[in-house]
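As structure tokens, the structure follows; a few thoughts come after it.
The values are calculated or read from the model by the stated rules, or taken from the named source; none is laboratory data. Treat the numbers as computed from the prediction; the structure is a model and nothing was measured. All Cβ positions, even for glycine, are placed from backbone atoms using ideal geometry, and neighbour counts span all protein chains on display. We work out accessible area using only protein heavy atoms, side chains counted, and drop any ligands, DNA or RNA first. Shrake-Rupley method; radii C 1.70, N 1.55, O 1.52, S 1.80 Å.
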Amino acid sequence: YSDNNFLIPELVAGVQYQKGTYSAEVGDFSAAGSINVNYLNVLDRPLAKLEGGPNQFGRALLAASSRVGEGQVLYAAEAYHSDGPWVHPDDYRKLNGVLRYSRGNQQGGFSLTAMGYSGKWHSTDQVPERAVLSGQLDRFDTVDSTDRGETHRYSLSGEWPTSSAAGLTQVKAYAVDYGLDLFSNFTFFLNHPVNGDQYEQKDQRTIFGASVTQRFLSRWFGRDVENVAGVQGRWDDIPTVGLYHTRARQRLETIRQDDVDQLSGGAFFQTSVQWSNTLRTIAGLRGDLYHFNVRSDGPANSGTRTAALASPKLSLVLGPWKSTEVYANWGLGFHSNDARGAVQTRDPKTGQPVRGVEPIVRATGYEQGVRTLPF
């Protein structure tokens, strides 16, 4: 469900990306990678765009910023539509809105950002190859034309950076209201020859989170050292996460429906030591704690699980020589599993006993490489 359609590209000031398990600041799913997206605080001039193209593509964007007192207000609205190449048009409709107040800069200031996104679409899933080869279906056709989806994401976030003799302190907090209602039919009439195999996936949750990070410089054994330490916390309140058997989006059977609370917290410390002009090391340690509480419609799949994990990291960097570095990275990380899978003891469809998965799963990464900036 990693949907980035709430982002408006014209407002992005920069994107910092990381891959691998090598940064102590990044926790869950670090092995898959992570990005940090920064929005602009001020636009040079108001922006208006009206775009169109094939397949009923259309997009309108209005964005501007204004000075209010000692700060700046950024506001933007986006509307988007596309049918795609499908025989049964996507009719994808997206609305985006942003309102952001900021003052100061990255060394000291304040920002508060409200964002809203909603999207609706018709789905075209995969089709049987034999039906396409026989001419029964077009390559862009569908077996079940009633597949649909809709989602929303409304968020409020704040950031407070402060510089002092102790270094740079960053406090962040956020709240997100998220929902997804998705109808898909991947196996057509394989399991249910009469009513078909359409399923509805529903996820409704509210997310609250915060972090405090401290960056500071020091000297160890006569060497320049750059340090970062921090704590992070998040609570997912998920009153409804369900899977249902449907026909033409009408529910026929509840396969399972759950109420989930997921709490997670992490603490980390990372230090970078410049041992010489051509040698530096980066070492870090991260600890994470997860707690799952699942209240299922089936008592056998209700319960709680708690798990903790420590993740050390180490990097060695040689260089630079003519803007070129050689590096080696190693680190342990993890990814969290679905809370429902962590506590379940019975298959919700068959009733057969099953073994629960681990709440959080270890990931190991290591790499060697070269970085160069010749121009």
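For segment 224-247, the set of residues classified as open to solvent by 50 Å² or more (accessible area, probe 1.4 Å) and in contact (Cβ under 8 Å) with a residue 40 or more places away in the chain consists of ASP224, GLU226, GLN232, LEU243, ARG247, listed by residue number. Taking residues in segment 290-305 that are among the small types (Gly, Ala, Ser), and partners anywhere that are part of a loop (DSSP other than H, G, I, E, B), the pairs with Cβ atoms closer than 6 Å and at least 6 places apart or on different chains are SER296/SER302; ALA300/THR345. The set of residues in segment 335-374 being over 29 Å from LEU318 (Cβ atoms), touching a residue at least 24 places away in the same chain (Cβ under 8 Å) and assigned to a strand (DSSP E or B) consists of HIS335, SER336, ARG346, ILE360, VAL361.
Counted as qualifying within segment 1-120 are the strands (runs of 3 or more DSSP E) with 1 or more residues that are within 30 Å of GLY284 (Cβ to Cβ), namely 12-18, 34-39, 92-105. Restricting attention to segment 121-174, the residues that are over 18 Å from TYR199 (Cβ atoms), part of a strand (DSSP E or B) and of a type outside the set (D, E, K, R) total 18.
If you filter segment 286-304 down to residues that are within 23 Å of the chain's Cα centre (by Cα) and not hydroxyl-bearing (Ser, Thr, Tyr), you find that the one that is farthest from TYR22 (Cα to Cα) is VAL294. Checking each residue in segment 311-324 for being of a type outside the set (Ser, Thr, Tyr), open to solvent by less than 30 Å² (accessible area, probe 1.4 Å) and assigned to a strand (DSSP E or B) picks out LYS313, VAL317. Residues in segment 94-145 that are loosely packed, with under 15 Cβ neighbours inside 10 Å and among the basic types (Lys, Arg): ARG130, ARG139.
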